[in-house]
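Written below as structure tokens is the structure these notes are about.
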């Protein structure tokens, strides 16, 4: 039995190692093309004033991300300032934990700050990621149309496909719920526990669909949020001496974000994002070496922003939790 139980774990470890190997190969290829000294020179030459503007825009992005998280929860469940701290901390964990394990930071944080059970919080995470995919699709379609018109049907089709999860997620969860009830529930206490977890995730999405005004507001916040992310990329490029048309930056950045969805990357999403950025901007007419160097430099600045804001958010949340525990103990 132990040998059978260990097989899935062995497969997961092997899959992660293969994914890390692919990410290392992609990152090494991009670094070789970009040349490390060129990336370093871009970082040193970054205009300090524009860098501050990029950092402030990144902070605004996190504030809108926090607003979206607040809207995805029931009214009064979590205030906007605290939701922003949760969003910043969760983003930092998602970026710096390996193999996307940091994605589970959001349900864990919601369990601590909003008193949600973990399974319901996973439903909130799925809703947020579905909105992210749909928003990337909208921005991608708009950017491709602005840059190339109707001459790139493949790019338009890929962008449009990102809208599909909005329709497919409820159907997928309903099917998963039925399968869990049929296959897991009869397998004893542990099976029934997992079936209940799947049911709670499904119910969380159903509750959200019964709040259409808040859901539409969350969708609008997603569009604004990703627009701010593209603004950060445009300002960083300008700070490094490359003022490209906004539509070109949006198109290339969207392609990089889509490439980053691939299930293999290193800590900090290194590898897939740079490869997607380099390929996209090269296709848009940017010289290969410039595309590779700017992708690495912009990503490094983004990681510095995420580490700064995420670290501050974790510290603030920990401090609030400690104070709350102290008040509870004093009573």
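Here, each number is a calculation from the coordinates, and none is a lab measurement. Quick caveat: nothing in here was measured; it's all calculated off a predicted structure. Reconstructed Cβ throughout: ideal geometry from the backbone, glycine too, with neighbour counts over all protein chains shown.
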- Task: Could you give me the radius of gyration and the Dmax of region 41-92, taking only the C-alpha atoms into account and expressing both in angstrom?
- Result: 14.6, 48
- Task: Round to a whole angstrom and tell me the spacing of the C-alpha centers of region 180-259 and region 279-310.
- Result: 22
- Message: If neighbour count is taken as other Cβ atoms inside 10 Å, put 37, 274, 103 in order from fewest to most.
- Response: 37, 103, 274
- The extension gain from residue 45 to residue 172, computed as 0.36 nm times the residue separation minus the Cα-Cα distance, is 40.9 nm
- Query: Does region 168-210 come out rounded, prolate or oblate by the C-alpha gyration tensor, with a ≥ b ≥ c the root eigenvalues, rounded set by a/c under 1.5 and, if not, prolate when a/b is larger than b/c and oblate if not?
  - Reply: oblate
- Message: So, R0 is 35 Å and r is the distance between the beta-carbons of residue 187 and residue 115; what FRET efficiency does that work out to, to 0.05?
- Response: 0.70
